[in-house]
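S.K.: One structure coming up, written as structure tokens, with questions to follow.
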Amino acid sequence: MTLALLSLVLVLVAIALLLGYTIRTGISPVPTTPRVAAEIFILCPPGSLLPPTAGGVVYELGSGWGNLAIALAKRFPERAVVGYELSPLPWLASRLTLRLWPRANLVLRRADFLAADLGDAALVVCYLYPGAMRRLRDKLERELQAGALVVSSAFPVPGWRPAAVRLAADQYETPVYLYRMPPEVESELADEP
Ligand SMILES: C[S@@+](CC[C@H](N)C(=O)[O-])C[C@H]1O[C@@H](n2cnc3c(N)ncnc32)[C@H](O)[C@@H]1O
């Protein structure tokens, strides 16, 4: 009985945490599917990144349960890969996974990526939502070096013209957008709310 009650409390706390952080960040920790990940990797093959001397870090903004961050760390073994995630449960799960299957080049931080300095990025990967993309655009324009790549799943960076777009082979044909800094600006209209 006590065990059942304890389990129930734990489940309720987990649900409350997930819901609370979904409200706080504006998005739930839905993971990138393998089909979308495949398009991300086609868009940014290792040779397309800045040389490591120019900084060379791969960032995942909102790394969720860690599946894509781990795939990125495998894909770019010579790069430091840094994931930022605010929601405690997915972050904890990703840390546990990393503890079980360590990757020397991967760091998973429980922090707000909007407060991080991305100036040494070679590649920024994200799967967020339109409001976050608007906030992120100004930050990326301020901080990223020329030549750095930005890959966004599902949502474009408003006002930027993508260098390439690929559609995933899933039922939504999820678009994946590639940008190279400095991006070509599409139109002033895109700045409107
Ligand atoms: C749709 S999920 C994507 C998860 C992972 N990137 C993937 O593709 O599998 C978006 C994640 O971004 C996180 N997030 C949103 N805003 C954030 C912020 N400002 N700082 C850190 N994480 C954030 C959310 O908590 C959520 O887990």
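S.K.: Give me the strands (runs of 3 or more DSSP E) completely within the stretch 112-193, filtered to those with at least 1 residues that are within 14 Å of the ligand (Cβ to nearest atom), ordered by residue number.
M.R.: Strands (runs of 3 or more DSSP E) meeting the threshold: 121-126, 149-153, 175-180.
S.K.: Which condition from (1) free of Cβ contacts under 8 Å to residues at least 40 places away in the same chain; (2) within 7 Å of the ligand (Cβ to nearest atom); (3) in contact with a strand residue (DSSP E or B) (Cβ under 8 Å, 6 or more places away or on another chain) is the one that Ala73 breaks?
M.R.: (2)
S.K.: Looking at the stretch 85-139, which of its residues are without any contact (Cβ under 8 Å) to a residue 24 or more places away in the chain, surrounded by 14 or more Cβ atoms within 10 Å (Cβ to Cβ) and over 22 Å from Ser48 (Cβ atoms)?
M.R.: Hit for the stretch 85-139 is Leu92, nothing else.
S.K.: Could you identify the single residue in Leu10, Leu49 that is surrounded by 10 or more Cβ atoms within 10 Å (Cβ to Cβ), touching a strand residue (DSSP E or B) at 6+ places or on another chain (Cβ under 6 Å) and farther than 26 Å from Tyr172 by Cβ?
M.R.: Leu49
S.K.: Please verify whether Val107 is in a strand (DSSP E or B), at pLDDT 95 or above and within 11 Å of the ligand (Cβ to nearest atom), treating the condition exactly as stated.
M.R.: It is false that Val107 is in a strand (DSSP E or B), at pLDDT 95 or above and within 11 Å of the ligand (Cβ to nearest atom).
The values are calculated or read from the model by the stated rules, or taken from the named source; none is laboratory data. Treat the numbers as computed from the prediction; the structure is a model and nothing was measured. A quick note on method: Cβ atoms are made from the backbone with ideal geometry, for glycine too, and the neighbour counts reach across all protein chains shown.
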